[in-house]
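Just so you know, all these numbers are worked out from the coordinates, no wet-lab data involved. Computed from a predicted model, the values in this text were never measured in an experiment. Here the Cβ positions follow ideal geometry from the backbone for every residue, glycine too, while neighbour counts run over all protein chains shown.
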Amino acid sequence: MFMKLVLFLVPVLATGQEPGFASLFDGKTLDGWKLVAGKGPGYVVEEGVLLCPADGGGNLFTAKEYANFVFRFEFKMQPGGNNGIGIRCPLTGRASYEGMEIQILDDQHEKYKGRLRPEQYHGSIYDVIPARSRFLKPAGEWNEEEITANGRRITVSLNGVILVDADLDIVKEPEVLKKHPGLARASGHIGFLGHGTRVELRNIRIKELP
Amino acid sequence: MMWRLIATCLLLFSAAAAVADEPGFVPLLDGKTLKGWTLVHGRGPGYVPENGLLVCPADGGGNLYTEKEYANFVFRFEFKMEPGGNNGVAIRAPLEGDAAYAGMEIQILDDQHEKYKGWLKPEQHHGSVYGVIPARTGFRKPAGEWNEQEITADRRRITVKLNGVIIVDANLDTVKEPEVLKKHPGLARASGHIGFLGHGTRVEFRNIRIRVLR
């Protein structure tokens with residue numbers, strides 16, 4: 001009984017131990033969010049979880065814009081799941097080019113075997129900076145992710161492991177900068193970029209950096 | 001004919017100037033012998049100096065290490081692979097053990113070759129700190145062409161540049177997972193040998209030079 005009580009208390013305490021973080025999702029509504037290019041039901045709230053159904057999706061952006069921040073959330077994918085986090089995005093255009101996309105992908109699923117470039121694996125700055133791989137929990141389990149954007153440095157941690165720690169200024173190739181104008185942006189919307197697979201999100205919170 | 005001669009002279013001159021334009025760099029290969037290098041676990045003919053090049057023949061290979069040890073440095077060289085080529089540059093490696101784990105290996109691989117399709121983890125692509133930090137891809141010239149590479153090891157920062165493009169810029173201290181550190185004790189090493197890690201494919205090297213950092 002005591003153990004049960006402790007287990008129940010731990011998540012509450014953990015949230016309390018994150019000073020400066022504000023919740024971006026109230027667990028009931030999509031208040032503060034804006035759906036762009038939605039498909040089918042878009043995103044729905046189900047039992048406190050933000051859900052991108054397999055027949056839904058589109059880009060669900062924060063109404064507010066963020067420049068420098070630590071963005072934390074948890075996600076769970078169906079096998080072969082594919083989503084992404086848009087950062088510093090405008091509301092229109094392809095987020096992975098007009099802004100940046102931190103890839104969310106069940107990259108070990110057999111349907112992707114032999115089809116992925118390193119820069120398409122989970123956690124990568126899509127098409128630009130590859131992430132360290134194989135730190136995802138199996139599809140169907142919750143993962144914790146943290147994306148820090150601080151000036152020109154982008155850091156991605158998955159389940160406590162640093163997958164990406166990149167200085168965007170190392171990217172100097174004219175063809176890459178032309179294809180990815182978003183790399184130069186200082187701020188923009190944060191969003192979930194649904195791709196026709198079921199992905200669940202929860203505990204979405206942010207700390208703005210000066 | 002005259003113009004061709006002048007053009008050739010200009011090319012030769014600019015090549016010579018390029019070396020002179022690299023203050024602090026010293027060549028590690030004399031183009032004729034393997035003086036200053038030591039072969040470990042050599043296979044067949046090992047490595048062969050050929051027309052100023054260092055060649056790892058398809059039936060040769062093994063680990064060809066500098067006799068000297070280096071801690072912090074900028075290591076530059078050019079390489080050319082046959083299709084499907086596979087080699088690697090060991091840094092901060094001991095002479096014994098598997099260099100990719102006991103030291104670090106900066107991968108050299110024709111990773112776009114069809115024989116590797118579906119077999120490679122991101123951390124096995126060309127330029128990666130093998131098994132640990134993946135490199136940006138798509139900047140290597142096709143097999144059969146010369147590529148320029150620069151590997152900088154400056155304390156805990158490892159930077160790899162391929163044909164002028166930064167493909168790795170890693171702080172080794174971001175790697176904290178006990179299982180990775182246990183598998184790759186070489187990540188913790190501060191110095192060691194630099195070497196070529198031949199893997200049974202023909203790879204040619206030239207213009208191998210180093211600048212030691214303090």
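Structure data summary
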item: Top of A:Leu168, A:Leu136, A:Leu158 by mean-square fluctuation, Gaussian network on chain A, Cα under 10 Å; result: A:Leu168
item: Value at 222 nm in deg cm²/dmol, rounded to 500, when DSSP H runs of n ≥ 4 in chain A each add -39,500 (n - 2.57); result: -3500 deg cm²/dmol
item: Packing-based exposure ordering (other Cβ within 10 Å, fewest first) of B:Leu213, A:Leu24; result: B:Leu213, A:Leu24
item: Long pairs among A:Lys76/B:Lys115; A:Lys28/A:Lys76; B:Lys121/B:Lys176, criterion Cα-Cα beyond 26 Å; result: A:Lys76/B:Lys115
item: Averaged over A:171-179, number of beta-carbon atoms from partner chains that fall within 10 Å; result: 2
item: Relative contact order %, region A:33-99, counting alpha carbon pairs below 8 Å whose residues are six or more apart; result: 27 percent
item: Centre separation in Å (Cα based) which lies between region B:51-68 and region A:24-51; result: 59 Å
item: Mean Cα-pair separation over length for region A:21-208, i.e. relative contact order, pairs under 8 Å, 6 or more apart, %; result: 35 percent
item: Cα centroid separation - region A:175-196 against region B:95-153, whole Å; result: 28 Å
item: Relative contact order (percent, whole number), region B:26-212, Cα cutoff 8 Å, 6+ residue spacing; result: 34 percent
item: Local net charge near B:Gly138, Cβ-Cβ under 9 Å (Lys/Arg +1, Asp/Glu -1); result: +2
item: Cα-only Debye scattering, the protein assembly as shown: base-10 log of I(q)/I(0) at q = 0.09 Å⁻¹; result: -0.63
item: Within-9-Å neighbourhood charge of B:Asn207 [Cβ basis; K, R +1; D, E -1]; result: +1
item: Chain B: radius of gyration over Cα atoms, expressed as a fraction of 2.2 N^0.38 Å; result: 1.02
item: For B:His126, A:His180, order by how many other beta-carbon atoms lie within 10 Å, fewest first; result: A:His180, B:His126
item: Gyration tensor (Cα) of chain A, equivalent ellipsoid semi-axes in angstrom; result: 26, 20, 18
item: Fraction in percent of alpha-carbon pairs per bin - 5 Å, region B:44-127; result: 3, 12, 21, 23, 23, 13, 5, 1
item: Exposure proxy order (Cβ contacts within 10 Å, fewest to most) of B:Glu105, B:Glu123; result: B:Glu123, B:Glu105
item: Cβ-placed point charges (K, R +1; D, E -1), dipole of the protein assembly as shown about Cα centre in debye, nearest 20; result: 300 debye
item: Gyration tensor (alpha-carbon) shape descriptor, region B:24-93, a/c threshold 1.5; result: rounded
item: Karplus-derived 3J(HN,Hα), 6.51/-1.76/1.60, for each residue of region B:90-105, Hz, glycine and proline x; result: 7, 10, 6, 9, x, 6, 10, x, 7, 4, 5, 10, 6, x, 10, 10
